[in-house]
Amino acid sequence: MEYIVIKCGGSVIEEIPETFYKELCEIQSAGKYQLIIVHGGGKLITSMLGKLGIPSIFIDGLRVTTEEMLDVIEMALSGNINKKMTRSIIINGGKALGVSGIDGLLLEAEMIDHALGYTGNVIAVNESWLKSLCEMGYIPVVSPVGMDQKGQRYNINADAAAAAIAGALCCPLLLISDIPGIYADVEGEKQTLSSLSTDQLDALIEGGTITGGMIPKVNAAKEAIFNGVKEVVIMDGQQENVLKRYCNQEHIGTKLYKKEVLLHA
């Protein structure tokens, strides 16, 4: 059985059709692929913080997280979105288990930078515990909140959390978004790029084509690729049969890959 990590972005979760969850269940029941879901929730977090009068500040697409925000973030991610997605899989005939990165110390984290506060970086994945959930027939649905050995919680970018899990399992990573891939201007028109090397990603960031929240997404993808992930694909979760098309080896979205360097004698 092959693992596939599927990251659903916070911007698309509310727009994902019910057929998406049906697809998940059908792929899982076919037995060839074991699916693991990681979800974001930035829109809901920003909304909930705003109602409390707490402003949201971002640096290079990453949320600056204070201690007072963590309860709200955990409530939004682990209490709201995680359970909605878990319910959606179950009512479509699948077996799902909603977990946080804190459960079983699934995502051990550390502070990235003091400027970002309690926004964390994954330093270890409890892959044996995750695999045991899969062996019991569940689709794990992972909320990207982690902690360190002392119990300090961290808000983890969902793309980075998904990349860390995919890297630990050495499996493909699908980034489900509300766009069909990475765009570029081609003769004055926006077109979806079918594939990009890690070097080309760097050039697009430097040139200003990739900005804002897309920066941590592609940086997580790059890190995943360098850490052994087979491939990373950015795709539109609102397209019909997007997951089945991928599993049937159809080309879809933007595939990101590591540029191989040829050494000559």
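Which FRET efficiency, nearest 0.05, do Ala30 and Phe226 yield, Cβ-Cβ r, R0 25 Å? Walk me through the numbers on the way to the answer.
Working: r = 31 Å, r/R0 = 1.24.
Efficiency, rounded to the nearest 0.05: 0.20.
Can you return the aspartates and glutamates within cross-link range of Lys7? Criterion is Cα-Cα under 13 Å, with same-chain partners fewer than 8 residues away left out.
Asp159, Asp178, Asp236
Looking at (1) 19.0, 61; (2) 18.3, 53; (3) 17.8, 63, which value of Rg and Dmax of the Cα atoms in Å comes from a calculation on the structure shown?
(3)
Quick one: check the C-alpha center-to-center distance for the stretch 115-159 versus the stretch 32-91, whole angstrom.
13
Starting from the 7 Å offset along Cα-to-Cβ, what nm value, one decimal, do you get for the label separation of Ser11 and Ser194?
Placing both labels 7 Å beyond Cα along the Cβ direction yields 2.4 nm.
At 222 nm, what value in deg cm²/dmol follows for the chain if DSSP H runs of at least 4 each add -39500 (n - 2.57) and the sum is divided by all its residues, to the nearest 500? Before the final figure, lay out each step's value.
Working: 9 runs with 90 residues, N = 265.
Helices in the chain give a 222 nm mean residue ellipticity of -10000 deg cm²/dmol.
Farthest toward the dipole's positive end in the stretch 2-257, which of Ile156, Leu196, Gln239, given Cβ charges of +1 (Lys, Arg) and -1 (Asp, Glu) about the Cα centre?
Result: Gln239, furthest along the dipole toward the positive end.
Normalising by the residue count of the stretch 84-222, find the relative contact order in percent from Cα pairs under 8 Å and 6+ residues apart. Could the numbers behind the result be given before it?
On the way: 190 pairs, mean separation 27.5, N = 139.
RCO, the stretch 84-222: 20 percent.
Could you list His114, His251, His39 so that the one with the fewest beta carbons within 10 Å of its beta carbon is first and the one with the most is last? Each step should come with its number before you reach the end.
Details: His114 6, His251 11, His39 26.
Ascending number of Cβ neighbours within 10 Å: His114, His251, His39.
What is the extension gain from Ser132 to Lys150, computed as 0.36 nm multiplied by their sequence separation minus the C-alpha to C-alpha distance, in nm to one decimal? Before the final figure, lay out the partial values.
Numbers: separation 18, 0.36 × 18 = 6.48 nm, distance 2.48 nm.
Full extension of this stretch gives 4.0 nm more.
Using a simple charge model, +1 on the beta-carbon of Lys and Arg, -1 on the beta-carbon of Asp and Glu, nothing else, what dipole does the stretch 2-257 show about its Cα centre, in debye to the nearest 20? Please list the in-between numbers first.
Numbers: 20 positive and 31 negative charges, 147 e Å.
Charge dipole of the stretch 2-257: 700 debye, to the nearest 20.
Can you give the net charge of the other residues whose Cβ lies under 13 Å from the Cβ of Ile90, counting K and R as +1 and D and E as -1?
Values: positive: Lys22, Lys83, Lys84, Arg87, Lys95; negative: Glu18.
So the environment of Ile90 carries a net charge of +4.
Read-outs throughout are calculated quantities, based only on the coordinates presented, and are distinct from any laboratory measurement. On a predicted model such as this, the values are computed, not experimentally measured, just so you know. Ideal geometry is used to build each Cβ from the backbone, glycine not excepted, and the neighbour counts take in all protein chains shown.
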